[in-house]
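Encoded as structure tokens, the structure appears first; notes follow it.
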Amino acid sequence: MNNASKIYLDQVAIGKRIKKIRKLKGVSVDDICHKMDNISPQAVYKWQRGSCLPDVENLLNLSILLETTIEDILLGEGETDDEMPSFFIYKDESWKKYYSNQKFSIKR
């Protein structure tokens with residue numbers, strides 16, 4: 001993949017998904033803080049605002065706590081292969097060529 005096809009994470013969209021899934025599952029910010037060691041409420045609120053993202057270990061633990069997959073947090077549910085995944089921001093249409101044969105899946 002060349003530089004014109006560089007992928008960037010849309011932190012705001014991912015943050016909105018974290019908040020949406022958390023609320024749908026009935027999990028409070030305090031619940032997350034109590035069940036995930038060394039996580040402050042401020043960190044969770046930053047994730048939800050899209051100011052920053054959880055690191056890989058926290059993302060995995062968050063997915064387990066929210067009974068979802070990392071894929072659902074990053075991609076969301078119901079995204080189709082012919083639409084640009086909302087966490088990818090491209091400057092051109094090169095994503096279609098690169099990702100047309102790719103499958104996204106996380107196994108637990």
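The values are calculated or read from the model by the stated rules, or taken from the named source; none is laboratory data. Because the structure is a prediction, the values reported are computed rather than measured. We place every Cβ from the backbone using ideal geometry, glycine too, and count neighbours over all the protein chains shown.
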Review point. Give me the pairs: first residue in the range 15-30 and more than 11 Å from TYR45 (Cβ to Cβ), second residue part of a helix (DSSP H, G or I), beta-carbon distance under 6 Å, and six or more apart or on different chains, which are they?
Key: ARG17/ILE73
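Considering only residues that are assigned to a helix (DSSP H, G or I) and either surrounded by fewer than 17 Cβ atoms within 10 Å (Cβ to Cβ) or of a type in the set (Asp, Glu) (or both), which ones fall in the range 46-58?
Of the residues in the range 46-58, the ones assigned to a helix (DSSP H, G or I) are 46-49, 56-58.
Within the range 46-58, LYS46, ARG49, VAL56, GLU57 meet the criteria.
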Point to revise | Search result, residues across the range 1-45 that are more than 20 Å from THR69 (Cα to Cα), basic (Lys, Arg) and either part of a helix (DSSP H, G or I) or at pLDDT 95 or above (or both) | key: none
**Study point:** Residue list for the range 21-66, restricted to those being within 16 Å of GLN11 (Cβ to Cβ) and hydroxyl-bearing (Ser, Thr, Tyr)
**Key:** TYR45, SER51
